[in-house]
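Every read-out reported here was derived from the displayed coordinates using simple, explicitly stated rules and does not represent laboratory data. Keep in mind it's a predicted model, so treat the numbers as computed, not measured. As a convention, Cβ positions derive from the backbone with ideal geometry for all residues, glycine included, and neighbour counts pool all protein chains shown.
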Amino acid sequence: MATPVVSLQERYEASMVLSGAGDALAYNHGHWEFQRDGELIHQEVAKRGGLASLDAKDFPVSDDTVMHLATAEAMMEVGKKGKQTLARLVKHLVKEYIRCMRDMDGRAPGLTCISNVELHERRKGGDHRIPFNRWGGGCGAAMRAMCIGLRFPSPEQEGHLIAVSVESGRLTHHHPTGYLGSLAAALFTAYAVRGSPPVEAWGQGLMEVLPKAKQYVVEAGHCVEQNVESWDYFENAWRAYLSQRGILEGTGKARFPESYGVKEREKFYTSLAFANWAGSSGHDAPMIAYDALLCAGDSWEELANHGLFHGGDSDSTGVIGAAWWGATYGFKGVPQCNYKHLEYRKRLSKAAVQLLELSSKPFTQEA
């Protein structure tokens, strides 16, 4: 019996809605995001009756979804009228990031996002660039960028995807480790919705795009020397990960340890991390999400086990991985309770519809 084809519209909606669900379930009011013991999280999920018993109405979204919606709604606003340009979009991104900070009670926003959005709010004039920040390598840019891949899904739009993901990222995280996480989150979403290349080749695709992103940053001309000096950490970390999984060349199946249970994953995720906080940086948040997706295949439950319920910054890996999973598989096999009463579900669904419409519209990087 042939596998039913999931419509593009459903995959767009699932990408946005399940990103929110992945965030909310992993966050759990902050109880699980800030829990270092992944085994304890799995025990608590089991006590609640397992994933199929987790009702989204009991799990508010974190700052990740609030900022992801801000990114999407900025693109939607720019798409309503006038020429769609990078300069206009950056202006609206700043506006939406400032606005969304009023919706952060109980959502645990990151200090880097808070401080730099406050900087934008205090500024006068049209220059939205911020100084290079050697501590700006956190995951706050990555966690909100998946919708950029929904706006620019085609290979012909790759240059726009690079520019928007980099510039949106360095509005708060002006360090390559931070804003290249934004690029990875957006790029893999684009790969997912267009169905190519195979998931195992996504990492190799990122390796091919990174030199183009570096060229963009050099040509953009802002803090070039500092960005170039700090460039290699992200690329080297990803190259090492892809080599370990046997997919650096983008061929074959990913190799996983024979035993890869909760305890083994906790150790591995921590080994990827900066300062032992798994998923908290721009390089390892999308990396852990990708690892989870490779393991899970079309199983939402396995994606959750690997990408949502682990020690460390689990809501950030959850919001990213769930967006990719939804863009690939739609709502296939997802318990309705995990998303039916999700906070901001209607906004997420509306954004999906409008991003699909915008995906065929022209965009320019000129002023």
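A few comments on the model shown:
- The set of residues from region 36-53 being within 17 Å of VAL334 (Cβ to Cβ), under 26 Å from the mean Cα position of the chain (by Cα) and in a loop (DSSP other than H, G, I, E, B) comprises just one member, GLY50.
- Selected residue (only one of VAL209, VAL218 is among the aliphatic types (A, V, I, L, M) and surrounded by fewer than 16 Cβ atoms within 10 Å (Cβ to Cβ)): VAL218
- Whichever residue in region 228-262 is aliphatic (A, V, I, L, M) and free of Cβ contacts under 8 Å to residues at least 60 places away in the same chain and, among such residues, is farthest from VAL217 (Cα to Cα): ALA254
- Within region 1-29, tally of residues that are over 22 Å from THR71 (Cβ atoms) and in a helix (DSSP H, G or I): 2
- Listed by position, the helices (runs of 4 or more DSSP H) inside region 90-186 whose residues that are surrounded by fewer than 24 Cβ atoms within 10 Å (Cβ to Cβ) and in contact with a helix residue (DSSP H, G or I) (Cβ under 8 Å, 6 or more places away or on another chain) number at least 3 are 111-122, 158-169.
- Filter result for GLU33 (crowded, with 16+ Cβ neighbours inside 10 Å, under 16 Å from LEU308 (Cβ atoms), over 15 Å from the mean Cα position of the chain (by Cα) and of a type in the set (Asp, Glu)): yes
- Of all the criteria given as (1) in contact with a Phe, Trp or Tyr (Cβ under 6 Å, 6 or more places away or on another chain); (2) crowded, with 24+ Cβ neighbours inside 10 Å; (3) in a loop (DSSP other than H, G, I, E, B), the one not satisfied by LEU342 is (1).
- Those residues of region 263-322 which are in contact (Cβ under 8 Å) with a residue 60 or more places away in the chain, under 15 Å from GLY38 (Cα atoms) and charged (D, E, K, R), in sequence order: LYS263, ARG265, GLU266, ASP313, ASP315
- Meets criteria (small (Gly, Ala, Ser), surrounded by 24 or more Cβ atoms within 10 Å (Cβ to Cβ) and assigned to a helix (DSSP H, G or I)) for ALA201: no
- GLU33 touching a residue at least 60 places away in the same chain (Cβ under 8 Å), out of contact with any His (no Cβ under 6 Å at 6 or more places or on another chain) and either closer than 19 Å to MET101 by Cβ or charged (D, E, K, R) (or both): yes
- Checked against the criterion of being more than 22 Å from LYS91 (Cα to Cα) and touching a residue at least 40 places away in the same chain (Cβ under 8 Å), the candidates VAL166, VAL199 yield just one match: VAL199.
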